[in-house]
Each structure stands twice: as C-alpha cells, then as structure tokens.
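I have placed the structure first, in the form of structure tokens, so that the comments after it can refer back to it.
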Amino acid sequence: MKYYLDLINDLEKGNIAPVYLFYGQESFLHEKAVQRFREKLLVPPAGEFNLDILDGEGVTEGDIVVRAQTPPFMAGWRLVVVRHAPFFTGSSGPSSNKRTRASSRDTEPPLLAYMQKPTPTTCLIFTTTHPVDQRGRLFKSLKETGRVVEFTYLKSRDLVRWLEKQARLAHKTITPDAAGLLVRRVGPSLFVLSQEMAKLISYTGSRKTILEEDIYRLTVPALEENIFSVVDAIGERRIGAALEGIRGLMRQGQTGPAILAMIARQFRLILRAMELSAGKRSPGEAAAKLGVHPFVAQKLLAQSGNFTREQVIMALQKLLDLDRAVKRGRLEFYPGIEMLLLEMERETVA
C-alpha cells in the first residue's frame, strides 16, 4: 500500500511528473490513482475538456504524442491516459508493427522522442497489467523523465485493514478472522474483494457484523484455496475430506490431469518451503523465493509441518506414476487418486 500512498501524497503536494507508467496486477488501484489525478488536475471551468482517455491497443504512438503535445484549454494541465499500454512489454508482434508503422521513417519512434522532451503542461499516464521490459529504451527513458510505479497486490495484513475500512464506510464491521477468510477464499485482487464485500454488505442487511459464516455461504473458494484444503486434508490424514475436495474441483470443471498437476505443484512448493524453513526464512523472504504472495507463503510454511521430506518426495513420485497411468488409459482418475491417498495413509500409519 505504501507505493500507492506515496504516489497520492506527492500528487496532493503538487509533485507531478510529466509522464507516469502504472504497471502490475493490482488494476483496482490503477483506476483509483487515475481518478485522483483527474480530480486534482482537471479543475473548472474547462475540466474534462482537458482529458483524453485512449486504448493503447488501438492507437498509434503518433496519436498519443499529438494528444500529449496539445496545450491545455483554459487550465494549467492536460491529462492523457493510455490504458492497456503495450509499448513497454518488449513485444514485436503484428500489432506493434501497426502502431509504429506511421513513424517508420523517423529516426526515433515518436514516444521515445517525446519521453526525452515531454510537454510540461501535460500529465501522460500509461497503465498496463502486463509485465514490462525494464531493459527497454522506452522504459528507461520514461524512468529518467517521469515516474514508474509498480502496482503489486497488497500484503495480507493490508488487505484485512482495507476490508475493515470498507465495512466501516458501510456502517458495519467485519471481524479480522472473517476478513482473512475472505482474502483466502477469493484471492488478493482488490477489484474482486470489492465486489465480494458489496455482496456481503447487501446480504447482511441491518445486521452490523459480517461473520465467517456469511463468507462461507456467499463466496466460491478460489482454486488455490481448494488445492490448499485438499493438501491440508492429506497432511492431516483426513482422506475423506481430501476426496471431497477433489470431487469439488471436478464439479468446477477441472480435469483429472489438471488436478494432479495442481496437487503436485503444491507438494513441490511444500518441499521448497521445507528448505526455506530450515534456513529460518521469514514468510516475506519465503514469498520472494517461492514467487508467491506472502499469505500463500505463510500457509506453505505451515503445511510443510504436516509432512516429512521423505513423505513429500514419495507423494510426488506417486502423483507422477498416477498421472502417467491416467494419460495412458490404464486407470480412471478418481479411483486412482482414491487408491493413492489410501495407500499414503496406510504407509504413514505403518
């Protein structure tokens, strides 16, 4: 959350760069930030006359530069927002050729030339949820003359605080346990969480507190949460619960090979979490090493306590054997996974 608060604080102080790149998966905060820029820069009487919102997938670099170089009308600022900007990904597909074709005879692409000398009365904002090529000339040039902000998903504790604030705005409360459960079930996207909170607020009506039971009743668990539940049940030797979780995944349309792949991935992450736990890594450090969200890393570290290293390696081998048998038609998936789990339980007891 700090990156967003720092950005808004600078905006309110009048520290405004001529060019911005907002990238990263947290698109909800992209839009919130753009809205704050609109409120700050587009003042009466001209207001929205000085706003251009463009789709980066359907506009040329030259078009963007023309809009950015247009002086503001009866105001101090012009705001140009380019959503879904593909110019920083490093791709060179057909659409990229189309966007730059108009400038192919120029010595430099129009955007690169503009970055070197941006119009001081225009604030140009690019947004994208895709990864960007930080080694590219355009990215480096923008970073020199403007500002790059990566919009990452918030940490679990910040998500819980955000949900508590949304509840307060609706004159309700949500318990920390309920907020944590909501994050685990639907994931860290603020866009998804805001939709789920709106449903919960409506569902609870005049009741002031949102409870865990409300979340269980109204939300569909994310696929990742279902896999965690299945592996939790395997680790706790609750084979019936593990099989029920697998049947739930099948009802969601997941195929046998896909379920095996997800469970195997979970066990591989647990194996890596064991190694990190032995090195006394914090959940934050483990998250960076595993390439997952911190709350996922925390759950993986907890799950690793349910198994020995030998049990995890054995589970991975058995999952691989079952996957081959299913793909070669020697076994049906569900009877095969049922036999595998019962066999793992017997070996653990022995």
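Every number in this text was worked out from the coordinates using simple rules, so none of it is lab data. Note that the structure is a prediction, hence the values are computed from the model and not measured. Neighbour counts run over all protein chains shown; Cβ positions are idealised from the backbone, glycine included.
Just a few scattered comments:
- FRET efficiency, Arg168 to Arg238 (Cβ-Cβ, R0 45 Å, nearest 0.05): 0.75
- In order through the stretch 315-324: 3J(HN,Hα) via Karplus (6.51 cos²θ - 1.76 cosθ + 1.60), integer Hz, x for Gly, Pro: 4, 4, 5, 5, 5, 5, 4, 5, 4, 5
- Cut-off under 5 Å, modelled amide H: who pairs with Ile125 long-range: Tyr20, Val80, Val81, Val82
- Helix content alone sets the calculated 222 nm mean residue ellipticity of the chain: runs of n ≥ 4 DSSP H residues at -39500 (n - 2.57) each, divided across all residues, give -19000 deg cm²/dmol.
- Low-density loop cleavage sites - trypsin sites (Lys or Arg not before Pro) in the stretch 245-317, where at most 10 other Cβ are within 10 Å (DSSP): Lys280
- Full extension of the chain between Lys32 and Lys208 gives 60.6 nm of extra length, using 0.36 nm per residue less the Cα-Cα distance.
- Between the stretch 124-175 and the stretch 10-73, the C-alpha centres lie 16 angstrom from each other.
- Between the Cα long axis of helix 176-186 and the first principal axis of the chain there is an angle of about 90°, rounded to the nearest 10.
- Correct choice for Rg and Dmax of the Cα atoms in Å that was computed from the model, options (1) 25.2, 82; (2) 25.2, 86; (3) 20.7, 67: (1)
- Leading residue at positive end of dipole, the chain (Cβ point charges), from Leu159, Gly24, Leu319: Gly24
- Computed over the chain, relative contact order equals 15 percent, with contacts defined as Cα pairs under 8 Å that lie 6+ residues apart.
- Percentage relative contact order, the stretch 156-218, counting C-alpha pairs under 8 Å, at least six apart: 38 percent
- Hits among lysines - C-alpha to C-alpha of Lys299 under 22 Å, sequence gap 8 or more where chains match: Lys155, Lys280, Lys289
- For the chain, size of Cβ-based charge dipole, Lys and Arg +1, Asp and Glu -1, in debye: 320 debye
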